[in-house]
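The values are calculated or read from the model by the stated rules, or taken from the named source; none is laboratory data. What you see is a predicted model; the values in this text were computed from it and never measured. Cβ atoms come from the backbone with ideal geometry, glycine included; neighbour counts cover every protein chain shown.
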Amino acid sequence: MNTQSNDVSQSDQLTRRAMLGSVYSGLAAIGLSHLQAAEARGGTPRAYDAHSRHYFPKAERVLQIFCPGAASHIDLWEYKPELTKRHGQPLPGEGNFSSFQGKNGNLMRSPWPFVSCGESGKQISSMLPHMARHVDDIAFIHSMTSKSNTHGPGCIFMNTGHATEGFPSAGAWLSYALGSENENLPAYVAIPDLRGEPPNGKANWSNGFLPARHQGVMLSAQQSIRNLKTPSSVQDAEDEATREFLQELNQRHAIANPGNTDLYARIAAYELAARMQLSAPEVSDLSAESQSTHRTYGTDSTNKYLAGYAKNCLLARRLLERGVRYVNLYCAARASGVDGKLNWDAHKTLKADYERHCPIFDQPTAALLTDLNQRGLLDDTLVLWTTEFGRMPTHQQGTAGRDHNPDGFTCWMMGAGIQGGAVHGTTDDFGRRAIGTPTTVWDFYATVLHLVGLDHERVTYYHNGLNRRITDVHGELIHEILA
């Protein structure tokens, strides 16, 4: 009896080596559990939760509407009566100026009249009758500038604060800082237009050097997430058992490799993909919306591009109300061989191009803003409208279009924390250059981060020897537009 007891005691004896090994595994498991708990709270691990932000947040999520191709500020948002008055005359002081595609001709007025809108009397193009209803809620920034006059780098600069690829987009930064409010959906979604991706494509919603889980997930009403549906040959029980087995293998591997952020990102991505098998089809199911909603957005339009963008606007609202932190919504795509056909790049035929693009943009965007407001989502959602740069006040020589102008253009904000009806900055009498103190992309995103409760100088990531941030070493708050 005693002999048997001693044998058991010796076989179960905990050696020093075994004890240290168990402690090591246990501590790693605690770390992994903490990671998983963070994911359960907000979909992805976050750098700053709601209780540790730098300021009280006005906005919990962001919708960024992007019109690639350099939408013309002087034909949409900023009225220049002097441009109309001096139509056909040389641009004072810059008669021989050469811009992106060469020499410029004389001043060219907008093909459409501007109209006074709302109680503020703000004048915008008569080509935007639906958007006219929202001018009293919008804060216009008329003094934006860019470092690039080329579409690809310009789009990248507007989205990341850097004119070269490899840097995180604004949505990736917010995903890194705040995570998602819904563990079954990504923190960051990019919705490309039916006509295609914007210039430089997926680099516009890249995670850059941030962990891979912060890259924007591409989703649209026309194309659901690829490889999401379980093959018909796989039974539900088999699929569930496989996922449980893979989860166990992932956890074992994570425990054996503590501190590997790429590994954690891969595990998180696979787990999110599994959860999205149920959540993504539901959020993408636009048939759940009423017929009146579809009519308001224009999803039933005979114009397939208008209908496609309208469906994406409706999808954007469904994503935002389900807790997606940042939604990039694109209206237009890359430039095509037929100039101005697929985006706002009106080099040759401004009038025909914008009479194509404005109706596609106008009704669905205005419907989305109205819908967000009626549902109370604008109380804590920040809406941004952006483009990569503006257009020249002159006509491009030999054409009836406008060339690129990075020296002055318009972007705007609306929603949480924004003073509706405010106007910040201006361009000169012709819309050629921002005057006074030009506004930079870094100022723009310093203000965006401020509104979600973050100090842009403190949202950093150590990379290649530097604490990187979206505002680089710049950025001042745009106080005039804050409520």
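Odds and ends about this structure:
- Residue in segment 423-433 that is under 17 Å from residue 136 (Cα atoms), assigned to a strand (DSSP E or B) and in contact with a Cys (Cβ under 7 Å, 6 or more places away or on another chain) present: no
- A single entry from 312, 343, 328 fulfils the requirement of being assigned to a strand (DSSP E or B) and not hydrophobic (A, V, I, L, M, F, W, C): 328.
- Scanning segment 427-474 for residues that are within 19 Å of residue 387 (Cα to Cα) and not hydrophobic (A, V, I, L, M, F, W, C) gives 427, 431, 432, 433, 438, 439, 440, 443, 445, 447, 471.
Let's see how each residue does on (1) under 23 Å from residue 345 (Cα atoms); (2) touching a residue at least 60 places away in the same chain (Cβ under 8 Å):
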site: 114; (1), (2): yes, no
site: 151; (1), (2): yes, yes
site: 157; (1), (2): yes, yes
site: 167; (1), (2): no, yes
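- Options 154, 102: the member that is among the small types (Gly, Ala, Ser) and at pLDDT below 95: 102
- First in segment 44-70 and of a type in the set (Ser, Thr, Tyr), second anywhere and modelled with pLDDT of 65 or more and outside any loop (DSSP other than H, G, I, E, B), Cβ under 7 Å, 6 or more apart: 44/175; 44/213; 44/268; 48/177; 48/178; 55/450
- Those residues of segment 73-123 which are over 17 Å from residue 400 (Cβ atoms) and charged (D, E, K, R), in sequence order: 78, 80, 82, 85, 86, 94, 119, 122
- Pairs, first more than 23 Å from residue 158 (Cα to Cα) in segment 365-390, second assigned to a helix (DSSP H, G or I) and β-branched (Val, Ile, Thr), C-beta under 8 Å, six or more apart: 367/296; 370/296; 371/293; 371/296
- Within the option set 455, 443, being buried (at least 22 other Cβ atoms within 10 Å of the Cβ) and of a type in the set (Asp, Glu) holds for one residue only, 443.
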